[in-house]
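Worksheet for the structure shown next.
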Amino acid sequence: MDETQEPHLGLADAAPPARAPSTVRAEAYRVLARKYRPSDFTGLIGQEALVRTLRNAFASGRIAHAFMLTGVRGVGKTTTARIVARALNCVGPDGKRTTPTIDPCGVCEPCRAIAESRFVDVQEMDAASRTGIDDIREIIEGTRYAPAAARYKVYIIDEVHMLSKQAFNGLLKTLEEPPPHVKFVFATTEIRKVPVTVLSRCQRFDLRRIETEMLSKHLADIAAKEEIAIEPAALALIARAAEGSVRDGLSLLDQAIAHHAGGAGEAITGDSVRAMLGLADRGRVLDLFEKLMGGAIADALAEFKSLYDNGADPLVVMQDLLETTHFLTRVKVAPGAEGFFDGGSSEAARAVTMAGKLTVPALTRAWQMLLKGLIEVRDAANPYPAAEMAMVRLSFAADLPPTERLVRNLRDAEAAAPAPSASQPRGSGGAPRAQTAARAAEDAKPRRDDLPASAPIASAPPSVEIRNLEDVVALAKEKSARLLATQLETNVHLVSLERGRIQFRPNAQAPKTLASDLAQRLRDWTGERWIVTLASEGGAPTIAESRVAAMRAMKDAVSQEPFVRAVLDAFPGAEIVAVRERAEPEPMSTPSDEEPN
Ligand SMILES: [Zn+2]
């Protein structure tokens, strides 16, 4: 994790250079990431939990021998490691401080030398380039000697997961019994590759990804200090593109400043940053999305072609459509989210109107289809037609009824048919299948009686009446007799069941003691005597068999539903993978349905 062009000192060249390179070119432009690298914890943004824990540890004098800093690139691991090194070794402005402090002064010699990577007792090593046991031996050798000029020798090992197995083993002995004057600070982007034996000897800190809004504000502060005029929309775009990395955010801000063609006093606009990042104009993406969701496929494809001709990358357009979907969904479920739109304010207002016309189910379906499209576009030899095909699918889906309606129709159909294997009739009371179309108008309304019929069984008291094998299974599950429940489901062909008396034919897999086990358990659970006998032939299919048959029948029935027929016809090669009941009504759906007008 190379933070900037700053040289990482390997151990071989650890002797302090006569003058740090940075002082030589003091007049040269310093990249923002380096200029604004925090020198103490007050400047580190987004890592409050880490700072609080470290502060407590320093205050109580219980400072770990080894720290493990994890997190994605650019969140401040190396910066934190250097601040820790300073905190351990700061001697204060007057040079008289004798103990570590969580608030290093920044002016004493150790503080300044550490910031410039030229402090002899603080050694940085990048495990990505020095992975071997010999590199680690140098460190182990070095730990034997007291620090030359500081309180602690601090070894900072970046990307520590890259060390060889041998190197880790070598390090382990030192970590088990580190000399009191030695501290290790490890940083890694891939914590899972660090051996547990090493992890267990470190105090671990997970550095958080910086939230877009926080990063945007941070960039605004820095732009103000640099006296750079930049629109909030431009900052939001940069923050979003940085994906949680402060360093990437600052590098992009640098680029935006360099890229800026406007005269002095002219603000950097969202449009110019958008062009720099190769993003399509936000307003035009909204146009495209609106056409797609409105089913105006010819217009949508013309819009896409025009974007493409203007240099927009099909993959980026798909990403933009996905982001638009996400943004509209957020506006829908959490009003106020429009404040974080990275387009202009008129686009934000338009997006809010659009969100009002779409339902959450429609948006989530669009999300899934676009996500699938994105992967296809990414993997396609020719991305343009792949993007077009994804758009055609989305646009056609906009004409189809929402999936929830399909599911509800199915449930009604199931209620009309004799209950296949389920123990209870459906709550809706068996609306004939022919009527389902007439009920389309009220489809989207959540209905009270749509709650799954199995709910009462699960919460029934132990003295529940046992009317069929499913009741026995439900009781066994409730009593956590999982194995028995599974055996009843898969190995039992029920011949007869009445109160106190069960007869069944076991299949070949059934354990010999199943009948006596069942009788014993039922007596324990119900307080009544049960006689369980075996039959050598006959009996119903097992519950598991019935379930498979019912699912097959349901898929067959579903595939005959006109809507599903339409979906299958619209997407050649599509198949029904599973039919599921919805657990609860969709709170956001409205009777006015999902498509924009
Ligand atoms: Zn200091």
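Every number here is computed from the coordinates shown, using simple stated rules; none is lab data. Owing to the predicted nature of the structure, the values given are computational and were not obtained by experimental measurement. With ideal geometry, Cβ positions are generated from the backbone for all residues, glycine too; neighbour counts draw on all protein chains shown.
Computed extension length for Lys479-Ile140: 116.3 nm, one decimal, from 0.36 nm per residue of separation with the Cα-Cα distance subtracted. Sorted ascending by nearby beta carbons within 10 Å, beginning with the fewest, Asp134, Asp313 become Asp134, Asp313. Between Arg547 and Ser496, the FRET efficiency estimated from the beta carbon spacing at R0 = 22 angstrom works out to 0.55. In a fully extended conformation the segment linking Thr364 and Glu190 would gain 59.5 nm over its present Cα-Cα distance, using 0.36 nm per residue. Going by neighbour counts of Cβ atoms within 10 Å, the residues Met391, Met551 line up, fewest first, as Met551, Met391. A straight chain from Val107 to Arg62 at 0.36 nm per residue would run longer than the Cα-Cα distance by 13.7 nm.
Close amide H partners of Cys90, meaning residues 5 or more places away or on another chain with modelled amide H under 5 Å apart, are Thr101. Using the Cβ-Cβ distance between Ala349 and Asp524 with R0 set to 60 Å, the FRET efficiency works out to roughly 0.35. A cut-off of 5 Å between modelled amide H atoms, ignoring neighbours fewer than 5 places along the same chain, links Phe67 with Phe184, Val185, Phe186, Gln203. With a/c under 1.5 counting as rounded, go ahead and sort segment 94-239 into rounded, prolate or oblate using the C-alpha gyration tensor (a ≥ b ≥ c being the square roots of the eigenvalues; past the cut-off, prolate if a/b is larger than b/c, else oblate). It is oblate, given that a/c is not under 1.5 and a/b is not larger than b/c. Annotation for Ala149 and Ile531: the two label points, set 7 Å from Cα along the Cα-Cβ direction, are 9.6 nm apart. What are the lysines whose alpha-carbon lies under 25 Å from the alpha-carbon of Lys153, with same-chain residues fewer than 8 places away excluded? Hits, sequence-local ones excluded: Lys77, Lys96, Lys165, Lys173, Lys183. Here each label is just a point 7 Å from Cα along the line to Cβ, and for Ser516 and Glu465 those points are 3.3 nm apart.
If R0 is taken as 22 Å, the Cβ-Cβ distance between Met389 and Asp309 corresponds to a FRET efficiency of 0.70.
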